[in-house]
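Okay, structure first, notes after.
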Amino acid sequence: MANTDSHVTIHMAASLDGFIARKDGRVDWLETSDEFAGGDTLDPAFVEAFLKAIDCYVMGSRTYQTALSFEAKGMGWSYGDKPVFVLTSRKLPRTRDTVEFHSGDLARFVNDRLRSTFRSIWFVGGGVVSGECLRLGLADEVRYSILPIVIGDGISFFEKLDRDVALHLAEIKAYKSGMVALCYEVRRK
Ligand SMILES: NC(=O)c1ccc[n+]([C@@H]2O[C@H](COP(=O)([O-])OP(=O)(O)OC[C@H]3O[C@@H](n4cnc5c(N)ncnc54)[C@H](OP(=O)(O)O)[C@@H]3O)[C@@H](O)[C@H]2O)c1
């Protein structure tokens, strides 16, 4: 039974031309060096409280593999001790107890399993999974952080989206780093 309080968010950072990674998966361009004088700074206490309010993460297997490679390079694990659900049909290494693998019907998994247990459910990529999440009508909100760079080609924020999805702009924030964070609510028919 779905929890009516539950909320599904898709969040990623993208280049101005809408790519979340280069075609080969590299995200070296995420480090930018812009400065926008009128922008906000990210207050660490706010970030901590914000992350605390997320109850679980969902990601595709390729994003999981990127997270594992970052960890192997000493860059840490971004998801703390929150449950992380990795969508995959393969047998992948499970490096911590908080990671769980799922394959099968994604709509049933989100609506029956996740929504009944968690309030704030975050889809954190990649493009295949966020496209699937939006296409299946599972998302309530899209958080899109635009970085001050154009990379020309790559993996799209929403891969293989085969229909229009109307959105409502709910929030916009510009940061000193030149990043613009957009929050859109998904408009239900
Ligand atoms: N800029 C950002 O904020 C950001 C955020 C996240 C990721 N990224 C980057 O994006 C790239 C990965 O994105 P991507 O679009 O290529 O891949 P992805 O969405 O991370 O993963 C796609 C894979 O997940 C599995 N999958 C998807 N839907 C499934 C379902 N319903 N059930 C079971 N398995 C499912 C399939 O793999 P199997 O073969 O395992 O079944 C599929 O090939 C990486 O380079 C990553 O670094 C960037």
**Request:** Could you tell me whether segment 144-153 includes any residue that is within 15 Å of the ligand (Cβ to nearest atom) and closer than 24 Å to Cys56 by Cβ?
**Result:** yes
**Asked** Is it true that Val110 is modelled with pLDDT of 95 or more, within 9 Å of the ligand (Cβ to nearest atom) and closer than 25 Å to Ala13 by Cα?
**Response** no
**Asked** From the residues in segment 76-86 that are touching a Phe, Trp or Tyr at 6+ places or on another chain (Cβ under 6 Å) and within 12 Å of the ligand (Cβ to nearest atom), which one is least open to solvent (accessible area, probe 1.4 Å)?
**Response** Val86
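Which of the following residues is surrounded by fewer than 17 Cβ atoms within 10 Å (Cβ to Cβ), free of Cβ contacts under 8 Å to residues at least 40 places away in the same chain, charged (D, E, K, R) and part of a loop (DSSP other than H, G, I, E, B): Asp97, Asp153? Can you show your working first?
Details: Asp153 fails: free of Cβ contacts under 8 Å to residues at least 40 places away in the same chain.
Unique residue meeting the criteria: Asp97.
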**Message:** Go through segment 107-136 and report how many residues are touching a helix residue (DSSP H, G or I) at 6+ places or on another chain (Cβ under 8 Å) and surrounded by fewer than 18 Cβ atoms within 10 Å (Cβ to Cβ).
**Reply:** 1
**Prompt:** So Gly60 fits all but one of (1) over 18 Å from Gly127 (Cα atoms); (2) within 12 Å of the ligand (Cβ to nearest atom); (3) of a type outside the set (A, V, I, L, M); what number is the exception?
**Reply:** (1)
**Top-ranked residue of segment 9-18 - restricted to ones that are open to solvent by less than 50 Å² (accessible area, probe 1.4 Å) and more than 13 Å from the chain's Cα centre (by Cα), ranked as nearest to the ligand (Cβ to nearest atom)** = Ser15
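Of all residues in segment 97-116, which are closer than 11 Å to Thr4 by Cα and of a type in the set (Ser, Thr, Tyr)? Steps first, answer last, please.
The initial filter retains those residues of segment 97-116 that are closer than 11 Å to Thr4 by Cα, namely 111, 115-116.
Listed by number, the list holds a single entry, Ser116.
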**Request:** Would you confirm whether any residue within segment 157-167 is surrounded by 17 or more Cβ atoms within 10 Å (Cβ to Cβ) and either within 21 Å of Ser78 (Cα to Cα) or within 14 Å of the ligand (Cβ to nearest atom) (or both)?
**Result:** yes
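Residue-wise test of (1) modelled with pLDDT of 95 or more; (2) open to solvent by less than 40 Å² (accessible area, probe 1.4 Å); (3) not polar (S, T, N, Q).
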| site | (1), (2), (3) |
| --- | --- |
| Ala21 | yes, yes, yes |
| Trp29 | yes, yes, yes |
| Glu48 | no, no, yes |
| Asp55 | yes, no, yes |
| Ser61 | yes, yes, no |
| Thr66 | yes, no, no |
| Thr88 | yes, yes, no |
| Lys91 | yes, no, yes |
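The values are calculated or read from the model by the stated rules, or taken from the named source; none is laboratory data. Everything quoted here is computed from the prediction, not taken from an experiment. Methodologically, a virtual Cβ is constructed for each residue, glycine included, from the backbone with ideal geometry; neighbour enumeration extends over all protein chains shown. Protein only, heavy atoms only, side chains kept; ligands, DNA and RNA dropped before computing areas. Shrake-Rupley method; radii C 1.70, N 1.55, O 1.52, S 1.80 Å.
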